[in-house]
Every structure is written in structure tokens, then in C-alpha cells.
Amino acid sequence: MTWPPLREELRGIEPYGAPQLDVPVALNVNENPYPPSAAVVADIAAAVTDAAATLNRYPDREFTELRKGLAEYLNADGGRGIGPDQVWAANGSNEVMLHLLQAFGGPGRTAVSFAPTYSMYPEYARDAMTAWVAGRRHEDFAFDLEHAHEVIDEHRPSVVLLPSPNNPTGTALPHDVIGTLCTMLSGHGGEDGLVVIDEAYAEFRREGTPSALELLGDHRNLVVTRTMSKAFALAGARLGYLAAAPEICDALRVVRLPYHLSAVTQATASAALRHADELLANVAELRAERDRTVAWLRERGFEVADSDANFCLFGRFDDRHAVWEGLLHRGVLIRETGPDGWLRVSIGTAEEMAAFRAALLEVAS
Ligand code: PMP
């Protein structure tokens, strides 16, 4: 007899998650290394105090104030006239994407992405009983539109999930690719498929790289997801969101659990949004540090994927695990992920990156 009586496809599966180790330099989960300033902490604390006084009641199910704040922020970063009814939010963009698959995937339907990519995608599909198909990318991790066309024609997906910038490679998607995918997915098999562009790292994009938000008005089947975990340095608060057609946001209300965004979460996120300028000021520094890291690695003969994100994928190593372990022994935790031979390092403060460089020179030169 099997115990516990788990669904068959879940048996033997390890829960997702990078090691949470107590190390001096943690560069493994693409967090923002800058904690909120004293002023931001004070404002969040005041907002949470107010919320605490009403915790006997359920929170605003429609997170009205937060939606307004998120719409306003998106319109300042590539969005064009996005209204609060075009915004959806949940506990991290992980939950936002699970909602999307619960509503638009499901038994008999297929979700597609192109590897290497974010390793949670197949898990959302599995948890929403959706078939999963992973196509591939070019050797340099650029998007292969011709191959994508074949995969989409063959599998007729209900949802295509694509991060831009991609995790773990840092590769951004050009606008024309996003537009072409939306057209490819519209009306196929009599029904539109959704193109979900996961912009978890969008604020770190390089000069000249556009946001998919700019295309929302042109394609009703385009969904753009964002998170406050990265650029906003709010990973601990768990707030992800998306922008899409109002009908899509409305449909997501069917699958969300009642009152899924706590009053504390809503108060925290709204307070942080009021400090967007300050929280995002560190993004410029992280982008510069990213570009310095890429240049330094290339000067030392490493291969590095072009990155529009707050991390970079570098290699190649015959034994990447040995390099990962060597760095860990020196107090620097990075991520063993992506294709074999490559490692991913998140961009930290200048001091943290100096520690990373020193450790890498000892381990891999
Ligand atoms: N999308 C991508 C591409 C990510 O890398 C991550 C986090 N690692 C997420 C979504 C989820 O982030 P969160 O749930 O914290 O918003």
C-alpha cells in the first residue's frame, strides 16, 4: 500500500526550491541586495499598523487601491493607458501564473514554453492538470521563431509562457517576436491562445529593450506579468501582478481563492508603490553592476549570455558542480541551473560582486 495516498504523478517529486543556506554572499535567487530604506520601512510599518486595526474583517477582495497603484506604475514603465480593470495581482507572480493556467489551461489543453527557461513553468502546468510541451531555443539562447511556429502548429497551445528577460539566460524577446506569437495564437482552432510574457525582470532591461506592455493595446490575447520581488526589492512581501484585457482579469476572479491577498500584503505593496522612485533608484546601480560583471567575465575568457536581467549565465565548465561548490566553500552561493556547463550568478552589491570575482578566480582559473 502506498502512503501517503498522493496523486501518482507527484510521487517521488522533490519540492521546487534553491538551497536556503546561511552564507555571507547569497547570489542564488535573483533577489535585490538592497533592503528597504528606513523611510520605506517606516511607511510600510504605518500602513500595516492601520491594516492591523481591521484584521477582524476579510480584506478587500478586489484589492482596489493596490490595483490603482499598480496600473499607475505600469503606465510609467511602458504601459499605455492601462486601467485598474486590466490589472490582476496575487501572492507572487508564481501564483499569478498558476491562476492563468487554472483558468486558461486545464485537462485537454496544452501549455508551451521554450527551454532553457524558468523551471517552475512545468510545475504550474502539472498543478493545473495541463499538458506541458517545451520547445528549444537557438544555441545562443535567442528565440527561434521558426521552431516556435512548428511547435505551436503541432500542439495548438492554450497558453504560451515566455519570460522576457528569460530566466536563467537573461535573454529579452524582441517586439516583433511577441507580436508574431500573438497573431499565431489568435483564433487558432477557433479559440485564442494566450501569450504570457513574464516580465519578472523587466525593470533591469538594457537601454533600447522595450517592454511587452507597449503591445497590450494591439493584441487582446497578450498578458504581461510582473513582480515586486525583484526591482522593487520586496520578495518577502509576495506580490506579483499582470496586465491584460479586462475580460482576462475578470475570468481570473473565478479561480482565485476567496480573499487571496491579505490586508497586510495589500497595505505593504501599496505603501511600497508610493516609494517606487526610491526603490527603483537602486535598479540603475544593479544594471551597471550587471554590465561590469558580464564584461569582467568575458575579459577572463568565460562565455556569458547577453543579459537584460539582474543575473547572468556564464560558463562553460566541464564540472560546474565543482565550481559551484568551490564558490560555496568561499562563502559565495550562486545557482547551479540552466544547461549543463553553465552557472547563474545574481547581481549583488559592488562588495558582493567583488567577493564573487575573487572566489571565482581562485576556483576556476
Ligand atoms: N518568473 C520568473 C522568470 C522568475 O525567475 C521568478 C522568480 N524566480 C518568478 C516568475 C516568480 O517570482 P515571484 O513569485 O517572487 O513574483
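General remarks:
- Residues that are surrounded by 24 or more Cβ atoms within 10 Å (Cβ to Cβ), assigned by TED's automatic domain parsing to the domain that holds Asp77 and within 16 Å of the ligand (Cβ to nearest atom) do occur in the range 206-221, at least one of them.
- Unique match (being more than 23 Å from the chain's Cα centre (by Cα), under 30 Å from Ala359 (Cβ atoms) and not charged (D, E, K, R)) among Ser119, Ser37: Ser37
Yes or no, residue by residue, for (1) modelled with pLDDT of 95 or more; (2) touching a Ser or Thr at 6+ places or on another chain (Cβ under 8 Å); (3) over 21 Å from Asp77 (Cα atoms):
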{"residue": "Leu242", "(1), (2), (3)": "yes, yes, no"}
{"residue": "Leu257", "(1), (2), (3)": "yes, no, yes"}
{"residue": "Ser262", "(1), (2), (3)": "yes, no, yes"}
{"residue": "Thr265", "(1), (2), (3)": "yes, no, yes"}
{"residue": "Leu273", "(1), (2), (3)": "yes, no, no"}
{"residue": "Leu280", "(1), (2), (3)": "no, no, no"}
{"residue": "Val294", "(1), (2), (3)": "yes, yes, yes"}
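- Ser229 surrounded by fewer than 23 Cβ atoms within 10 Å (Cβ to Cβ) and of a type outside the set (D, E, K, R): no
- Selected residue (criterion: nearest to the chain's Cα centre (by Cα)) from residues of the range 305-325 that are part of a loop (DSSP other than H, G, I, E, B) and of a type in the set (D, E, K, R): Asp308
- Taking the criterion of being aliphatic (A, V, I, L, M) and closer than 18 Å to Cys249 by Cα, the residues of the range 204-234 that qualify are Ala212, Leu213, Leu215, Leu216, Leu222, Val223, Val224.
- Restricting the search to strands (runs of 3 or more DSSP E) fully inside the range 76-186 and requiring at least 1 residues that are away from the ligand (no atom under 16 Å from the Cβ), at pLDDT 95 or above and not assigned by TED's automatic domain parsing to the domain that holds Phe314 gives 110-115, 131-136.
- Taken together, the residues in the range 61-70 that are in a helix (DSSP H, G or I) and within 20 Å of Arg256 (Cα to Cα) amount to 6.
- Residues being farther than 23 Å from Asn30 by Cβ, crowded, with 20+ Cβ neighbours inside 10 Å and not aliphatic (A, V, I, L, M) are entirely absent from the range 117-124.
- Contact annotation: residue pairs with Cβ atoms under 7 Å, 6 or more positions apart or on different chains, pairing a residue in the range 239-263 that is more than 16 Å from the ligand (Cβ to nearest atom) with a partner that is among the hydroxyl-bearing types (Ser, Thr, Tyr), are Tyr259/Tyr58; Ala263/Thr54.
- Meets criteria (among the hydroxyl-bearing types (Ser, Thr, Tyr) and surrounded by fewer than 24 Cβ atoms within 10 Å (Cβ to Cβ)) for Thr169: no
Table: residues versus (1) under 19 Å from Pro165 (Cα atoms); (2) surrounded by fewer than 21 Cβ atoms within 10 Å (Cβ to Cβ).
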{"position": "Glu289", "(1), (2)": "yes, yes"}
{"position": "Arg292", "(1), (2)": "yes, yes"}
{"position": "Ala295", "(1), (2)": "yes, yes"}
{"position": "Gly331", "(1), (2)": "no, yes"}
{"position": "Val345", "(1), (2)": "yes, no"}
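- In the range 50-64, the residues that are surrounded by 12 or more Cβ atoms within 10 Å (Cβ to Cβ) form Cβ pairs under 8 Å with partners that are of a type in the set (Phe, Trp, Tyr) and modelled with pLDDT of 95 or more, at six or more places apart or across chains, as follows: Pro59/Tyr259; Arg61/Tyr259.
- The one condition in (1) surrounded by fewer than 18 Cβ atoms within 10 Å (Cβ to Cβ); (2) under 18 Å from His275 (Cβ atoms) that Tyr73 fails to fulfil: (1)
- Residue, farthest from Arg290 (Cα to Cα), within the range 10-36, restricted to residues that are more than 13 Å from the ligand (Cβ to nearest atom), surrounded by fewer than 19 Cβ atoms within 10 Å (Cβ to Cβ) and among the hydrophobic types (A, V, I, L, M, F, W, C): Leu10
- Cβ pairs under 6 Å, 6+ apart, first in the range 188-213 and over 25 Å from Ala89 (Cα atoms) and of a type in the set (D, E, K, R), second within 13 Å of the ligand (Cβ to nearest atom) and in a loop (DSSP other than H, G, I, E, B): Arg206/Asp308
- Identity of the residue in the range 270-287, farther than 24 Å from Gly348 by Cβ and buried (at least 19 other Cβ atoms within 10 Å of the Cβ), that ends up nearest to the ligand (Cβ to nearest atom): Leu273
- Residue check for Asp176: charged (D, E, K, R) and touching a residue at least 12 places away in the same chain (Cβ under 8 Å): no
The values are calculated or read from the model by the stated rules, or taken from the named source; none is laboratory data. These numbers come from a predicted model, not from an experiment. Positions of Cβ are backbone-derived with ideal geometry, glycine not excepted, and every protein chain shown enters the neighbour counts.
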